[in-house]
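Worksheet: the structure to be examined is printed underneath.
The values are calculated or read from the model by the stated rules, or taken from the named source; none is laboratory data. Being a predicted model, the structure only gives us computed values, none of them experimental. Here the Cβ positions follow ideal geometry from the backbone for every residue, glycine too, while neighbour counts run over all protein chains shown. Just so you know, the surface numbers come from the protein's heavy atoms only, side chains and all, with ligands and any DNA or RNA stripped out. Shrake-Rupley method; radii C 1.70, N 1.55, O 1.52, S 1.80 Å.
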Amino acid sequence: MDKTDNIEVLKEQLYNAEVTYSWEYKGAGLKHENLAKWGVAITSSALPFWFIWYVTDMTTSSSMFWVFLVIATLMIFAARYLFFSDKHRCYHLTSLGIRYTEQDMIPEVAYKIARGFAWVGIAVCIIAVFILGPLAFVGAGAFALMAFGMTNFQPTTMKSYIIMDERSVVFNLVNDVVVSFTTPEKGTLAYSGDIFISTFEQKEELFAHLKSIFPNIEVIEIKRLNDQYKHSIYQQDEEEVVE
């Protein structure tokens, strides 16, 4: 049995194992990720509007100016809450690791509104091309591409897992509700991953359960998530394997 087959067997056992502890997380992710998502949403939606305003003779008294301003504003919120939405994660700790589901926090009514708005946006972009001429293709085209991507919005649930054993190393981000798992053996993504916890009290509960299942598991406190890569576990040679 090769490594891939072994992972599949462990994965099946993980999903059939009894749940020792479970919790939920709702949010954007890391502490500063919310601001980053807003920044990307504003930039990606405002730049096309700015370009159209710059290359055309539109003024603030122009009806097309206000049409595009409204579309740009709506696109900012659509991008933030549809393209860069918060996540709802459900975690389940077992004796073989953690299995969890991840879903965008978007109500079904938002999907319906987004699909309807997308078709309206496409129509407005087409009209803009006829009114403003070829120069509108760059700005209106960006709006149209974003709108096309919204015409088939459907809720999806992703399933993921992290296999754990006594070799696992836990990196505790002390100033955030994030925990990162890895193992000494390189190239085993099934044993590595980040999880999110709602509160610091909940994080302590998780550590207590981890210690009860894996008494010798190593927990290392770090100030930044990337600090984990300074640990010796990431400095070993590719062929070095810890049994």
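Restricting attention to region 88-106, which residues are within 17 Å of the chain's Cα centre (by Cα) and not in a strand (DSSP E or B)?
Those that are within 17 Å of the chain's Cα centre (by Cα) and not in a strand (DSSP E or B): Met105, Ile106.
Has region 232-239 got at least one residue that is of a type outside the set (S, T, N, Q), surrounded by 18 or more Cβ atoms within 10 Å (Cβ to Cβ) and either in a strand (DSSP E or B) or modelled with pLDDT of 85 or more (or both)?
No, region 232-239 contains no residue that is of a type outside the set (S, T, N, Q), surrounded by 18 or more Cβ atoms within 10 Å (Cβ to Cβ) and either in a strand (DSSP E or B) or modelled with pLDDT of 85 or more (or both).
Evaluate region 172-193: report whether one residue or more is part of a loop (DSSP other than H, G, I, E, B), over 30 Å from Val67 (Cβ atoms), open to solvent by less than 10 Å² (accessible area, probe 1.4 Å) and at pLDDT 90 or above.
Within region 172-193, none of the residues are part of a loop (DSSP other than H, G, I, E, B), over 30 Å from Val67 (Cβ atoms), open to solvent by less than 10 Å² (accessible area, probe 1.4 Å) and at pLDDT 90 or above.
Considering only region 197-209, state which residues are over 12 Å from Asn172 (Cβ atoms) and either in contact (Cβ under 8 Å) with a residue 60 or more places away in the chain or assigned to a loop (DSSP other than H, G, I, E, B) (or both).
Residues satisfying the conditions are Ser198, Thr199, Gln202, Glu205, His209.
Based on this model, can you work out whether Arg167 counts as of a type in the set (Lys, Arg), modelled with pLDDT of 70 or more, outside any strand (DSSP E or B) and surrounded by 18 or more Cβ atoms within 10 Å (Cβ to Cβ)?
Against the criterion (of a type in the set (Lys, Arg), modelled with pLDDT of 70 or more, outside any strand (DSSP E or B) and surrounded by 18 or more Cβ atoms within 10 Å (Cβ to Cβ)), Arg167 qualifies.
Sort out which residues of region 13-45 are in contact with a strand residue (DSSP E or B) (Cβ under 7 Å, 6 or more places away or on another chain) and in a helix (DSSP H, G or I), and write them in order of number.
Leu14, Tyr15
Considering each residue of region 200-209, count those that are open to solvent by 60 Å² or more (accessible area, probe 1.4 Å) and closer than 19 Å to Gly29 by Cα, and give that number.
Selection size over region 200-209: 3.
Which of the residues belonging to region 73-87 are assigned to a helix (DSSP H, G or I), open to solvent by 30 Å² or more (accessible area, probe 1.4 Å) and either under 17 Å from Phe49 (Cα atoms) or touching a strand residue (DSSP E or B) at 6+ places or on another chain (Cβ under 6 Å) (or both)?
Thr73, Leu74, Ile76, Phe77
Looking at (1) open to solvent by 60 Å² or more (accessible area, probe 1.4 Å); (2) modelled with pLDDT of 95 or more; (3) β-branched (Val, Ile, Thr), which one does Thr43 not meet, given that it meets all the others?
Of the numbered conditions (1) open to solvent by 60 Å² or more (accessible area, probe 1.4 Å); (2) modelled with pLDDT of 95 or more; (3) β-branched (Val, Ile, Thr), the odd one out for Thr43 is (2).
Could you look through region 51-72, keep only residues that are open to solvent by 60 Å² or more (accessible area, probe 1.4 Å) and at pLDDT 75 or above, and pick out the one that is farthest from Gly39 (Cα to Cα)?
Applying the filter and picking the extreme gives Trp66.
I need every pair where a residue in region 210-231 that is within 12 Å of Asp176 (Cβ to Cβ) and open to solvent by 80 Å² or more (accessible area, probe 1.4 Å) has its Cβ under 7 Å from the Cβ of a residue that is assigned to a strand (DSSP E or B) and not aliphatic (A, V, I, L, M), sequence separation at least 6 or different chains.
If the second residue must be assigned to a strand (DSSP E or B) and not aliphatic (A, V, I, L, M), the pairs left are Glu221/Asn172.
Might you check whether a residue that is in contact with a Gly (Cβ under 9 Å, 6 or more places away or on another chain) and charged (D, E, K, R) occurs anywhere in region 166-189?
no
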